[in-house]
Amino acid sequence: MVLSRRTAALPKTTRVALTRIALTSLALAVLTLFLIPMVYGMTTAVKTDSQIAKAGAPWWPARERTFEYEGKEYDVYLVPIDGTIRELALYRPGRQSSWFVDPENPAAGPFEWQGQWRQLQRSWRLDIQWGNFTRAWNTINFPNLLRNTLMYAAITTFGAVLSAALVAYGFARFRIPGKNILFMVMLSTVILPGAVTLIPTYFVFLQIGWVGTWLPLIVPAFFSWGTNVFLLRQFFLSIPRDLEEAAQIDGASPLRIFYSIILPMSRPALTAVALFHFFWAWNDFFGPLIYLAGHPDKFPITVGLTAFNNLYSQSTNLIQAASLISAVIPIAVFFFAQRIFLEGVVITNFEK
Amino acid sequence: MAPLPELSSVLRSRTAATPRRKLSKLEKKEIRWGLFFISPWLIGFLLFYLLPMLASFGFSLYDFNPAVPDQARFVGFANWQRALFQDAEVWLSLRRTLHFAAISLPISLLFALFLAVLLNSEHVLGKSIYRTLFYMPTMIPLVATVLIWNGVLNEQTGWINVIIERLTGIRATGTQGLRWLADPNLVYYAYTMFGLWGVGNAMIIFLAGLQGVPSELYEAAQIDGASWFQRLIFITIPLITPVIFYQLVLGVIGSLQYFLAPFVLNGGTGFPEGMTRFFMVYFYKQSFTFFSMGYGATLAWLMLIIAMIITIVLFGTSRFWVFYAGEER
């Protein structure tokens, strides 16, 4: 209250400027908190194995500094001398006093310092272990996971877009008896818990020998999913019918019209659906987990990453590196296509 | 009230349709083409939804292991009896699931709404950059999200505890500190935190909802001297209740199937103290670890029934709080 009365006395432009600064900094503060784990992941991924567990280590990737003197390695400490902190190599430790060498001036030789060296802090040097990414990449056999995931994402995206476009066109343009009921049924399958169809489906796939292959994951994608159909139908409904009618008079078949008029006009909507499906496939976990169990050579990234985490749970840096590697492609695609993508999110979820 | 011409046109169209005339050749052709176009969905619906759903109920009446299908035995409603009356873990896991949903859903929806309101404000500079960056973690594969948070919530070396300790002086690290993933009282909040990285979709949808609120309403309220907060509570929130409702329904159904985080973090052991053995985790254990698929099918059907009950209850409450524009006030 006090604040608002005080601000009310200020001229309008000042008030607007103050609100602007306050709200923008609030957003910035929340964003910083929100992305801290990302910064944690990035810095941890390039740390040495030993730094993570060591008390007193800095938050950035670093290595304890050492100094070579007369052919031997000595640890470098932060030593307070005459009110300044100097980085000195511990030459000969003692109980009450110790001998140090100045790395800046080794020629001066060791000198004595009064104090307990155990109270001193180590000196750290920035040391980015880019090699951790290579190590994670090789340990997890990333090229194989990547190939599996890309294949899965590409094939099912093709199937999902093609089938959803066909079905959406059917729902958007043709008078079919019971169409509205069918459409409602299709939308309700979107919230159907997947578990309820899983066991018989798994059993049938097991009987025909598909368990342990990619087929149970790929084939269903060619039979269209509710959300994709919904998005495309909304888009098709907004296309004027004139062109189609003209083509019809010229004797073009509906399939021909669909192929040469509707699809080219729906590029943005098709791209949105393709992106959705691509990200969905990239993230898919439960299906590959049950259908590919025991076939690590066929794992996608998500399941491979989980297996890696179980085997190397102590190597925090490698796990962070592998997690970041798995996120690079989706994030890159998102940054390039975010406008189309975010519009699609709004259509599928908001206009229902 | 109703203008006469409209009524008469309704009557006319009805009388025109009443006699069951034969479909013309053209109409038949249209139906055939329509069915052709929707056939992928029709076939998929039969093969991957309807038949498996019914078969799933059939499976629930059997004691059945897919490794030895010949030994399948019809047991009637024994699986159902076990799930409903004998197996305490069913209700415990369901209670945990609902308990977790009761914590995580309000927090994530409020956070999404908060971000949407903030980023909808004309006063925030660089809105589209914020929108992109708040959305970005939604793109990270969930497994990676869980692993990154697993590190940042580590009780010894994780930054959350280190930062809390630096800022407040409370001893947050170590065995007496905040053991986010090992303390039964904290673990749901820790899981809720990973969930916030998936806030992007809800945020974007709320933003679209906010942009759909007619600006005349705000202008009128401003003339009446309504404060920023009053405008939020009396105009913005009521007008976007349909969006909140939709998010709530999706959120509850999603929570019932919550599986990935506990599975990635502890392989479904329920650590700590069984707190993370949610319903879906239990379903997975029964079906794909013990391969008792008859019982698994029972649990799956139980999940469907519970999801339907919750959805119906939510829809029932919706008329008390969800505001649909165009209805009488």
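The values are calculated or read from the model by the stated rules, or taken from the named source; none is laboratory data. Values in this document were obtained by computation on a predicted structure and should not be read as measured data. Cβ: placed from backbone, ideal geometry, glycine included. Neighbour counts: every protein chain shown.
A compact table of results
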{"quantity": "Test result for A:Ile181, more than 21 Å from A:Gly344 (Cβ to Cβ), assigned to a helix (DSSP H, G or I) and aliphatic (A, V, I, L, M)", "calculated": "yes"}
{"quantity": "Residue within region A:154-167 that is closer than 27 Å to A:Ala281 by Cα, aromatic (Phe, Trp, Tyr) and surrounded by 18 or more Cβ atoms within 10 Å (Cβ to Cβ) present", "calculated": "no"}
{"quantity": "The one condition in (1) within 14 Å of chain B (Cβ to nearest Cβ); (2) under 30 Å from A:Arg63 (Cβ atoms) that A:Arg125 fails to fulfil", "calculated": "(1)"}
{"quantity": "Qualifying residues in region B:306-327 (those that are assigned to a loop (DSSP other than H, G, I, E, B) and away from every other protein chain (no Cβ under 13 Å)) - the one surrounded by the most Cβ atoms within 10 Å (Cβ to Cβ)", "calculated": "B:Val322"}
{"quantity": "Every residue from region B:128-148 that is among the small types (Gly, Ala, Ser) and more than 7 Å from chain A (Cβ to nearest Cβ)", "calculated": "B:Ser128"}
{"quantity": "Any hit, region B:190-198, residues being surrounded by fewer than 21 Cβ atoms within 10 Å (Cβ to Cβ), free of Cβ contacts under 8 Å to residues at least 12 places away in the same chain and in a loop (DSSP other than H, G, I, E, B)", "calculated": "no"}
{"quantity": "Candidates B:Thr289, B:Thr298, filtered to the one that is among the polar types (S, T, N, Q) and buried (at least 21 other Cβ atoms within 10 Å of the Cβ)", "calculated": "B:Thr298"}
{"quantity": "Hits in region A:53-79 - residues which are at the interface with chain B (Cβ under 10 Å from one of its Cβ atoms) and crowded, with 19+ Cβ neighbours inside 10 Å", "calculated": "A:Ala57"}
{"quantity": "Considering residues of region B:28-44 that are more than 7 Å from chain A (Cβ to nearest Cβ) and not basic (Lys, Arg) only, the residue surrounded by the fewest Cβ atoms within 10 Å (Cβ to Cβ)", "calculated": "B:Phe36"}
{"quantity": "Matching entry among B:Gly158, B:Gly177, B:Gly195, B:Gly151 (being more than 8 Å from chain A (Cβ to nearest Cβ) and over 30 Å from B:Gly212 (Cα atoms))", "calculated": "B:Gly177"}
{"quantity": "Residue in region A:224-231 that is among the β-branched types (Val, Ile, Thr), away from chain B (no Cβ under 12 Å) and in contact with a Ser or Thr (Cβ under 9 Å, 6 or more places away or on another chain) present", "calculated": "no"}
{"quantity": "Enumeration of residues in region A:206-233 that are farther than 30 Å from A:Phe174 by Cα and either outside any helix (DSSP H, G or I) or without any contact (Cβ under 8 Å) to a residue 24 or more places away in the chain (or both)", "calculated": "A:Leu206, A:Gln207, A:Ile208, A:Gly209, A:Trp210, A:Val211, A:Gly212, A:Thr213, A:Trp214, A:Leu215"}
{"quantity": "Selection count, region A:108-123, where residues are assigned to a strand (DSSP E or B) and among the polar types (S, T, N, Q)", "calculated": "2"}
{"quantity": "Residue within region B:148-161 that is surrounded by fewer than 17 Cβ atoms within 10 Å (Cβ to Cβ), in contact (Cβ under 8 Å) with a residue 40 or more places away in the chain and assigned to a loop (DSSP other than H, G, I, E, B) present", "calculated": "no"}
{"quantity": "Tabulated pairs, region A:8-20, first in a helix (DSSP H, G or I), second modelled with pLDDT of 90 or more and not aliphatic (A, V, I, L, M), C-beta under 8 angstrom, 6+ apart or interchain", "calculated": "none"}
{"quantity": "Count - residues of region A:131-180 that are aliphatic (A, V, I, L, M) and more than 13 Å from every other protein chain (Cβ to nearest Cβ)", "calculated": "4"}
{"quantity": "Unique match (being in contact with a Leu (Cβ under 9 Å, 6 or more places away or on another chain), assigned to a helix (DSSP H, G or I) and surrounded by fewer than 16 Cβ atoms within 10 Å (Cβ to Cβ)) among B:Leu125, B:Leu84, B:Leu94, B:Leu105", "calculated": "B:Leu84"}
{"quantity": "Residue that is surrounded by fewer than 16 Cβ atoms within 10 Å (Cβ to Cβ), charged (D, E, K, R) and within 14 Å of another protein chain (Cβ to nearest Cβ), where the choices are A:Arg92, A:Arg20", "calculated": "A:Arg20"}
{"quantity": "Given (1) more than 21 Å from B:Leu113 (Cα to Cα); (2) in contact with a Phe, Trp or Tyr (Cβ under 8 Å, 6 or more places away or on another chain); (3) away from chain A (no Cβ under 12 Å), index of the condition B:Met303 fails", "calculated": "(3)"}
{"quantity": "Answer residue from region A:283-323, given it is farther than 30 Å from A:Pro61 by Cα and facing chain B (nearest Cβ under 7 Å) and is nearest to the chain's Cα centre (by Cα) among those", "calculated": "A:Phe285"}
{"quantity": "Within region B:257-292, considering residues that are aliphatic (A, V, I, L, M) and touching a Pro at 6+ places or on another chain (Cβ under 6 Å), the one nearest to A:Phe308 (Cα to Cα)", "calculated": "B:Val281"}
{"quantity": "Helices (runs of 4 or more DSSP H) (entirely within region B:222-270) containing at least 3 residues that are touching a residue at least 12 places away in the same chain (Cβ under 8 Å) and aliphatic (A, V, I, L, M)", "calculated": "B:241-256, B:260-266"}
{"quantity": "Filtered residue count, region B:109-123, keeping only those that are over 22 Å from the mean Cα position of the chain (by Cα) and more than 8 Å from every other protein chain (Cβ to nearest Cβ)", "calculated": "2"}
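Matching residues to (1) farther than 23 Å from A:Asp127 by Cβ; (2) free of Cβ contacts under 8 Å to residues at least 12 places away in the same chain:
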site: A:Phe34; (1), (2): yes, yes
site: A:Thr44; (1), (2): no, no
site: A:Glu68; (1), (2): no, yes
site: A:Gly94; (1), (2): yes, no
site: A:Pro103; (1), (2): no, no
site: A:Trp113; (1), (2): yes, no
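Condition check ((1) away from chain A (no Cβ under 12 Å); (2) crowded, with 20+ Cβ neighbours inside 10 Å; (3) among the acidic types (Asp, Glu)) across all residues:
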residue	(1), (2), (3)
B:Phe57	no, no, no
B:Ser60	no, yes, no
B:Asp63	yes, no, yes
B:Pro69	no, no, no
